[in-house]
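The values are calculated or read from the model by the stated rules, or taken from the named source; none is laboratory data. Just so it is clear, the model here is predicted, and its values are computed rather than measured. Here the Cβ positions follow ideal geometry from the backbone for every residue, glycine too, while neighbour counts run over all protein chains shown. Accessible surface is based on the protein model in full, side chains and every heavy atom, while ligands, DNA and RNA are left aside. Shrake-Rupley method; radii C 1.70, N 1.55, O 1.52, S 1.80 Å.
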Amino acid sequence: DIQMTQSPSTLSASVGDRVTITCRASQSISTWLAWYQQKPGKAPKLLIYKASSLESGVPSRFSGSGSGTEFTLTISSLQPDDFATYYCQQYNSYLFAFGPGTKVDIK
Amino acid sequence: EVQLVESGGGLVQPGGSLRLSCEASGFSFSSYSMNWVRQAPGKGLEWVSHISSSASVIYYADSVEGRFTISRDNAKNSLYLLMNSLRAEDTAVYYCARGEYSNCFDSWGQGTLVTVSS
């Protein structure tokens, strides 16, 4: 089974900061990686698919990169609406594993 | 507008059964794979099960294999999850999610809470 890890688990940042979250897969998943944002009490929202493709309607301050086993989600200038938990997910193999999440909170 | 609405959650005793439903609207349901994803209180996301558009391909997470059954009725635009032999660790909000872009999840319902407790 493919295992996903994320770092850091929590990130404290200020509005306007550049934020980077890392996701690693236990084996190569090519670019079959998605990023989701989740706010408390709400369903997750797809941000990025195929490692670097921006979902329609998602602000361009969000970007994704990587391939193989290492991936990053970058928020170029953190906005108040971006304080949330972020999850990566592999969909290279059918077990569709999620990472444990990275909580971005206010510094 | 794509809409997914889950129902059927509630309180059930350990060893009991529950059937969740997800009603879809705003898109051609029969053209999309569908999934169930759960989230235990205060925890992360866990993929539970996948069903292809025609129901010809079905997958389960190891944690529910043999106890849960996913199905769909394309004529009714509905997805189901039959959960048997429920355990305390199955307590979670259950989301249905549409598969897109080769199986990431582009649309989600609001979730339905399942609580397994005596």
Fill in the blank from the handout: The residue from A:S53, A:S67, A:S60 that alone is among the hydroxyl-bearing types (S, T, Y), within 14 Å of another protein chain (Cβ to nearest Cβ) and surrounded by fewer than 19 Cβ atoms within 10 Å (Cβ to Cβ) is A:S53
Problem - Members of the stretch B:45-57 that are within 10 Å of chain A (Cβ to nearest Cβ), without any contact (Cβ under 8 Å) to a residue 40 or more places away in the chain and surrounded by 15 or more Cβ atoms within 10 Å (Cβ to Cβ) - result: B:L45, B:W47, B:S49
Problem - Within the stretch B:63-99, tally of residues that are under 22 Å from B:L11 (Cα atoms) and either assigned to a loop (DSSP other than H, G, I, E, B) or modelled with pLDDT under 95 (or both) - result: 10
Practice task
Mind listing whichever residues of the stretch B:23-44 are more than 30 Å from A:T5 (Cα to Cα) and in contact (Cβ under 8 Å) with a residue 60 or more places away in the chain?
Solution key: B:A24, B:F27
Exercise for the section: Take the residues in the stretch A:95-107 that are hydrophobic (A, V, I, L, M, F, W, C) and either under 30 Å from A:D1 (Cα atoms) or free of Cβ contacts under 8 Å to residues at least 12 places away in the same chain (or both), then tell me which one is surrounded by the fewest Cβ atoms within 10 Å (Cβ to Cβ). Expected result: A:L95
Exercise for the section: May I ask you to list the residues in the stretch A:24-44 that are surrounded by 19 or more Cβ atoms within 10 Å (Cβ to Cβ), within 13 Å of chain B (Cβ to nearest Cβ) and either free of Cβ contacts under 8 Å to residues at least 24 places away in the same chain or not β-branched (V, I, T) (or both)? Expected result: A:W32, A:L33, A:A34, A:W35, A:Y36, A:Q37, A:Q38, A:A43, A:P44
Exercise for the section: Would you be able to tell me the number of residues in the stretch B:108-118 that are facing another protein chain (nearest Cβ under 8 Å) and open to solvent by 20 Å² or more (accessible area, probe 1.4 Å)? Expected result: 2
Exercise for the section: Being open to solvent by 40 Å² or more (accessible area, probe 1.4 Å) and closer than 18 Å to A:A97 by Cβ is the filter here, so list the residues in the stretch B:85-99 that pass it. Expected result: B:E89
Handout entry: Tally of residues being within 10 Å of the chain's Cα centre (by Cα) and among the small types (G, A, S) across the stretch A:84-107
Key = 2
Exercise for the section: Please go through the stretch A:75-94 and pick out each residue that is buried (at least 16 other Cβ atoms within 10 Å of the Cβ) and either free of Cβ contacts under 8 Å to residues at least 12 places away in the same chain or part of a strand (DSSP E or B) (or both). Expected result: A:I75, A:T85, A:Y86, A:Y87, A:C88, A:Q89, A:Q90
Problem - Conditions (1) loosely packed, with under 13 Cβ neighbours inside 10 Å; (2) in a strand (DSSP E or B); number of the one not met by B:S102 - result: (2)
